[in-house]
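Below is one structure, written out as structure tokens; the observations come after it.
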């Protein structure tokens, strides 16, 4: 992070390419991935992000056999997924959304519809904050994160033709 960069700008500079690669691979809009990562990890500075490399607040859930880290969240001493790298966290976030039926409707939206994705994540219960969609959308627009969704439709067509 350079002295003139805000924590948000530094996060975007560091992880935008990773978010775009995940958009191309999975169909999750880069703007959504970046906004969730920024919001859930405090721009990469939360204890969960630093110690567990978990940028998305993904909990262990039933059947998780990977590494774990325990943090207080909605309840004390909750189990969160712990990753070997931030890249692994980004990949798991995309896979988490793709493989859970409660998020399946998101993948029927236009791939650059970040507002629809934000509302859908809230409706599906990704976070407990009742203003989650509003916070994601405000962050995307304040930081112009939707610019990273360019090419999303082309990537979606390429995935569909496989």
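Give the order of 15, 70 when sorted by the count of other beta carbons within 10 angstrom, beginning with the fewest. Walk me through the intermediate numbers first.
On the way: 15 24, 70 14.
So the ranking, lowest neighbour count to highest, is 70, 15.
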### Query
Points 7 angstrom from Cα along the Cβ direction at residue 110 and residue 45: gap in nanometres?
3.6 nm
### Message
Give me 23, 5 sorted ascending by neighbouring Cβ count inside 10 Å, so fewest comes first.
### Response
5, 23
### Task
Taking 7 Å along the Cα-to-C-beta vector as the label spot, tell me the residue 73-residue 123 distance in nanometres, rounded to one decimal.
2.3 nm
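Order of 131, 62 from fewest to most other C-beta atoms within 10 Å?
Details: 131 11, 62 4.
Placing the least packed residue first, the sequence is 62, 131.
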### Query
Label-point separation (nm) for residue 64 and residue 141, each offset 7 Å from Cα along Cα-to-Cβ?
3.3 nm
### Query
Can you give me the relative contact order of the chain as a percent, contacts being Cα pairs under 8 Å and 6 or more apart?
26 percent
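Compute the FRET efficiency between residue 10 and residue 85 as 1/(1 + (r/R0)^6), taking r as their Cβ-Cβ distance and R0 = 22 Å, and round to the nearest 0.05. Please list the in-between numbers first.
On the way: r = 18 Å, r/R0 = 0.82.
E between residue 10 and residue 85, to the nearest 0.05, is 0.75.
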### Message
Springs between alpha-carbon pairs under 10 angstrom, Gaussian network model over the chain: which of 99, 33, 137 fluctuates most?
### Response
99
#### Entry: GNM result for the chain, Cα springs below 10 Å: residue of 55, 93, 77 fluctuating most strongly
77
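All of the numbers you see were taken from the coordinates with simple rules; none came from a lab. Worth saying up front: this structure is predicted, and the values here are computed from it rather than measured. Counting neighbours? That spans all protein chains shown, and the Cβs are built from the backbone with ideal geometry, glycine included.
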